[in-house]
Amino acid sequence: MRFTIKEMILISLIAAISVITKPYLKILAGPLPIAGILVGCIYMMWIVLIAFFINKKFCATLFSLIQAILVLILGFAGKWGFWVLITYPLSGIAVDLIFFIKINEFLKAILSGGLANFVGSLLAMLIFAPKVNDKFFMLLVSFFTGALGGAIALGLYNFVKRAVYTKAEEILK
């Protein structure tokens, strides 16, 4: 699938915004026992949002690969290190798989956000905390917070779409 220059700029810009805001989200959620899962709500919002805006196959995978590269370049990978080159794109693949299915936008949003966060949390548990108790509960929470992020993304997407449409109508009058 080919992406236009404008699409690549948008994908890169949103990826940069998402990566730059993540450390601040972690600071805000830090004291909470399931901080990483909660941060996933906002973090998965970005990937679902870009999938709606671009609406092309493999957009979310490309987006998450750019995120992973930015995380490494900016030094935000922390204990993840080069694992981000595997884990981030897997969340993107999860979003792309849901976007391939012909379902309504709301289901697309919540399922893709939920599955992306679920995949990210599962990989984190397998790589860094294989002996974590209550994995099922944590994965369930991660799915629901990711789904909430997807719903937020759909709301933002519809808001921007309406705003652009309204502005275009004003210009054409």
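Structure data summary
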| quantity | calculated |
| --- | --- |
| Some residue of the stretch 100-112 being assigned to a helix (DSSP H, G or I) and open to solvent by less than 30 Å² (accessible area, probe 1.4 Å) | yes |
| Some residue of the stretch 123-145 being outside any helix (DSSP H, G or I) and either surrounded by 17 or more Cβ atoms within 10 Å (Cβ to Cβ) or on the phi > 0 side of the Ramachandran plot (or both) | yes |
| Filter pass, Ala60 being touching a Leu at 6+ places or on another chain (Cβ under 6 Å), on the phi < 0 side of the Ramachandran plot and assigned to a helix (DSSP H, G or I) | no |
| Residue under evaluation Arg162, criteria (1) within 21 Å of Cys41 (Cβ to Cβ); (2) surrounded by fewer than 19 Cβ atoms within 10 Å (Cβ to Cβ); (3) free of Cβ contacts under 8 Å to residues at least 60 places away in the same chain, criterion not met | (1) |
| Filtered residues of the stretch 66-99 (kept if surrounded by fewer than 23 Cβ atoms within 10 Å (Cβ to Cβ) and either in contact with a Gly (Cβ under 7 Å, 6 or more places away or on another chain) or at positive phi (or both)) | Gly75, Gly78, Gly81, Thr87 |
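The values are calculated or read from the model by the stated rules, or taken from the named source; none is laboratory data. Please read these numbers as outputs of a predicted model, since none were measured by experiment. Glycine also receives a Cβ, built like all others from the backbone with ideal geometry; neighbour counts cover every protein chain displayed. Keep in mind that these areas ignore ligands, DNA and RNA; they rest on the heavy atoms of the full protein, side chains included. Shrake-Rupley method; radii C 1.70, N 1.55, O 1.52, S 1.80 Å.
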